[in-house]
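Engineer: Before I ask anything, here is the structure I am working with.
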C-alpha cells in the first residue's frame, strides 16, 4: 500500500511535467506521507500485526483492548 501510493505520486508528477522543463521529483509532504503510512497500517489485519510481533518476539506492554497488564491505561 505504501509503495503503491509512492508510485502513484511519482507517476502523477511525471504526467504533470513538461518536456520543456527538466524534470525534478518533488518529495511528498509529511502530511501526505503520514496519510499513506496510516492507510497502510489500517489495511493490515490484527492477525498480520500480531503474527509479525510474534515472529520478532516482541511483547507489547498492553493488550489491544487498551488496558495495561501492569497498570493504568497507556497513552497510545
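Every read-out reported here was derived from the displayed coordinates using simple, explicitly stated rules and does not represent laboratory data. Please read these numbers as outputs of a predicted model, since none were measured by experiment.
Engineer: Assign one of three labels to the range 9-54, namely rounded, prolate or oblate, based on the Cα gyration tensor with a ≥ b ≥ c the square roots of its eigenvalues; rounded applies when a/c is under 1.5, prolate when it is not and a/b is larger than b/c, and oblate otherwise.
Structural biologist: Judged from the Cα gyration tensor, the range 9-54 comes out prolate (a/c at least 1.5, a/b above b/c).
Engineer: Given the Cα-Cα distance of residue 20 and residue 58 and 0.36 nm per residue of separation, how much length would full extension add, in nm?
Structural biologist: This chain segment gains 8.4 nm when fully extended.
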